[in-house]
Amino acid sequence: MTPRSIIITAAVMQATVQDRGRSGYAHLGVGGSGAVDLRQYQLANRLVGNADGAPAIEYLAVGPPLVFEARGNLSMATAGATGGVTINERSYWSHQEIAVADGSRVRIDASMSGMYRYIAFRGGLAAAQTLGSVSTDLLSGLGEAPLTPGRRLPIGQDQRHYRPVDTVPLAAPREIVRLQITPGPRDDWFESLKPLLDHPYIVSERSNRIGLRLVGPPLKRCVGGELPSEGISAGAIQVPPDGLPIVFLADHPVTGGYPVAAVVEEGDLGFAAQARIGHLVSFVL
Amino acid sequence: MRILSSGSRGLLVELEDTMPLVAAITKARPDFLEDFVPGARTVLLTAQANRFVDQMRSWLEAIPMEGGNQPPGGKGRQQEPPVDVPVTYDGEDLPRVAKLIGITVAAFVELHTSVIHTVAFCGFSPGFPYMTGLPESLWLPRLTTPRTRVPGGSVAIAGCYSGIYPRNSPGGWHLIGRTEMMMWCSDRKQPALLTPGTRVRFQPR
């Protein structure tokens, strides 16, 4: 029996292999990486009965669709940003388990509701770990290479850790993404955090897995000079000299030289990552 | 020692000298700790879960203080012999750097190799060591325009630090030489050759 796998057949803007990321190596300069929207990554695995932590595809659902061919009979599900799934010209929707027959051509469409779609396969992707994780870290280059046409991804052994889920309630996308923050550690470097709390910010097109870049009222510094490099937490809102906040996501650098005004609650980071370019983000205490 | 919150799982500890705390963490590796990141004058500690943050704070506060409000424990590490790093001092920027400082290239090499450097922290890319110990007369601001590609193994200086680029990457430091020692290998048991606290002696070749 030939091992089951999928073969990527078309180029996309960005698709990577992700799991929960790396821990325990930050002091060596290795960032956490992992799925930018952990909750939805976890849900995709749950929909096919995988244990949490099984490697899945994270597809930046912008531009061309993700297209692949199935080798062997597979079971898959998508979560994260919603959108169509087409298997041999037949349409399906996200957030459900779908049977994929050997030889099928699968197309995962770009999304209008978010930025990242997760595609999980029953058994998980069989990918090589680097420092305890398969995750592609786009900043450091660690982990599996980003997916390009011709790439074959083997699927792991078929085993169910959970019973399948039939339906998943989906919340309508919010007009404004609200992110809860804890002030500090360097809030005292700024005149006030008021601009951050009083006005929504617009998501810039320069956002990526490293950080969500925002445009809006700048934060004014009250301490001059440079901050000696220091460790940065996931969700840190770093403020460079232009005063425009950057919310650090999965592939953020471990240290930085600009003050961190506040940190976004980890549970809200998935919402931050899914915020689309041009949409609004507001911060609450 | 001042302890600041960094999100709901992180504590940022400010210290004049981070080495003793880094040594204490490396030695104890408490169960509640997921990760730690030494910085220039701080150490960021991240707990495994929110519920361990109070325990982490108590652990930090219980570290006995010595003169200068510093935790002890750095001495053991300092007694380990320094790592010798052979360097070919032929960096692209070296003639310009020597001229800027107002000394000869030979004098620069003499100064850079005569002191013991200490890895204060790693960052920028996996295994990139920020080493203190650079004589003050050699401190220079970073390049105004960073290079888009610096070859892996390049030995460089910027500000009060010496560093070694573990792999090809962009970079804004002054290139003074190169080493063939492999700074980083993900498959090694210890992926980084130089970790925070490691002492380094550069050897001209």
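None of the figures in this text is laboratory data; all of them are computed from the coordinates on show. Remember, predicted model here, so these are calculated numbers, not experimental data. Don't worry about glycine lacking a Cβ; one is built from the backbone with ideal geometry, like all the others, and counts go over all protein chains shown.
Some notes on this structure:
- Within 10 Å of the Cβ of each residue in A:135-142, the mean number of Cβ atoms contributed by other protein chains is 3.
- Contact order relative to length of chain A, as percent, for alpha carbon pairs under 8 angstrom and 6 or more apart: 22
- Range in chain B, longest, excluding exposed GluC sites (Glu not before Pro) [loop by DSSP; at most 11 other beta-carbon atoms within 10 Å]: B:17-179
- For B:GLN55 and B:LEU111, the difference between the fully extended length at 0.36 nm per residue and the C-alpha to C-alpha distance is 15.6 nm.
- Shown here: region A:5-154, whose C-alpha atoms stretch 49, 28, 28 Å along the first, second and third principal axes, sorted largest to smallest.
- Extension gain (nm, one decimal) between A:ASP158 and A:ARG206, 0.36 nm per residue minus Cα-Cα: 13.4 nm
- Using only alpha carbons, region A:166-285 has a radius of gyration to Kirkwood radius ratio (Rg to Rh) of 0.98.
- Added length on full extension, which subtracts the Cα-Cα distance from 0.36 nm per residue, A:ALA128 to A:ALA99: 7.9 nm
- Among the chymotrypsin sites (Phe, Trp or Tyr not before Pro) found in region A:1-97, not one is both in a DSSP coil and sparsely packed, with 11 or fewer other Cβ atoms within 10 Å of its Cβ.
- Kirkwood hydrodynamic radius (C-alpha pairs) into Stokes-Einstein, the protein assembly as shown, 4 °C and 1.567 mPa s, D in µm²/s: 54
- Qualifying trypsin sites (Lys or Arg not before Pro) for region A:209-239 [loop in DSSP, other Cβ within 10 Å: at most 15]: A:LYS220
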